[in-house]
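Enquirer: First the structure, then my questions, so here it is.
The values are calculated or read from the model by the stated rules, or taken from the named source; none is laboratory data. None of the values given here were measured: they were computed from a predicted structure. Every residue, glycine as well, gets a Cβ built from its backbone with ideal geometry; the counts of neighbours run over all protein chains shown.
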Amino acid sequence: MPDKETQKFSREMLPEIYTTMAVVSNPGLSRFIMNLLFSMSKPPISMKSFTDAEKAKKWMRKVKN
């Protein structure tokens, strides 16, 4: 887990670089951790976790429009 300073920096810089982010990971622990992090601290941009890359791309196109 990143320290508080790194988390703060990431929250501030993320919207400067991205408008939306889809995270593709294998089912299991990595997906659970991503969902847990998203629920604990709302990301400053639209962000969602997927196990299927095509579904992630479809979501990205939908959010972009």
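Enquirer: Would you check which residues across the range 30-62 are more than 12 Å from the chain's Cα centre (by Cα) and modelled with pLDDT under 90 and list them?
Expert: Initial filter on the range 30-62 (more than 12 Å from the chain's Cα centre (by Cα)): 30, 32, 40, 51-55, 57-59, 61-62.
Of everything in the range 30-62, those that are more than 12 Å from the chain's Cα centre (by Cα) and modelled with pLDDT under 90 turn out to be Ser30, Phe32, Met40.
Enquirer: Tell me which of these Lys4 doesn't satisfy, since it passes every other one: (1) in contact with a helix residue (DSSP H, G or I) (Cβ under 7 Å, 6 or more places away or on another chain); (2) free of Cβ contacts under 8 Å to residues at least 12 places away in the same chain.
Expert: If we test Lys4 against (1) in contact with a helix residue (DSSP H, G or I) (Cβ under 7 Å, 6 or more places away or on another chain); (2) free of Cβ contacts under 8 Å to residues at least 12 places away in the same chain, just (1) comes out false.
Enquirer: Now for a separate question. Which of the residues that make up the range 24-40 are surrounded by 10 or more Cβ atoms within 10 Å (Cβ to Cβ) and in a loop (DSSP other than H, G, I, E, B)?
Expert: Within the range 24-40, just Ser25 meets the criteria.
Enquirer: How many of the residues making up the range 41-65 are surrounded by 13 or more Cβ atoms within 10 Å (Cβ to Cβ) and either on the phi > 0 side of the Ramachandran plot or not polar (S, T, N, Q) (or both)?
Expert: Here is the first cut: in the range 41-65, the residues surrounded by 13 or more Cβ atoms within 10 Å (Cβ to Cβ) are 43-51, 55-60, 63.
In the following step, the residues that additionally are either on the phi > 0 side of the Ramachandran plot or not polar (S, T, N, Q) (or both) were identified as 43-45, 47-48, 50, 55-60, 63.
Summing the residues that are surrounded by 13 or more Cβ atoms within 10 Å (Cβ to Cβ) and either on the phi > 0 side of the Ramachandran plot or not polar (S, T, N, Q) (or both) in the range 41-65 gives 13.
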